[in-house]
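Have a look at the structure below, then the notes.
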């Protein structure tokens, strides 16, 4: 049973990392943040987080849709 919980926790951390790959701190930052602070806290950080400079630049050049 504990192995299943650890696996689910690591999967949730991985999902947080993948979702945060286009933000300022990137995949590794969000993965580690989720690992140490729990994934729900990381989802909140992503909700208020800033997109990466590359994503902001892409948005400015293409304009809003």
Name every residue in the stretch 36-65 that is under 10 Å from the mean Cα position of the chain (by Cα) and in a helix (DSSP H, G or I), in order of residue number.
39, 42, 43, 44, 45, 46, 47
Quick one: would you say residue 4 is free of Cβ contacts under 8 Å to residues at least 60 places away in the same chain and surrounded by 11 or more Cβ atoms within 10 Å (Cβ to Cβ)?
no
Scan the stretch 29-53 for residues that are at pLDDT below 90 and in contact with a strand residue (DSSP E or B) (Cβ under 8 Å, 6 or more places away or on another chain) and report the count.
5
Set 20, 26: member being modelled with pLDDT under 90, closer than 22 Å to residue 59 by Cα, under 8 Å from the mean Cα position of the chain (by Cα) and exposed (fewer than 14 other Cβ atoms within 10 Å of the Cβ)
26
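The values are calculated or read from the model by the stated rules, or taken from the named source; none is laboratory data. The structure displayed is predicted, hence computed values, not measured ones. Using ideal geometry, Cβ is built from the backbone for each residue, glycine included, and neighbour counts are taken over all protein chains shown.
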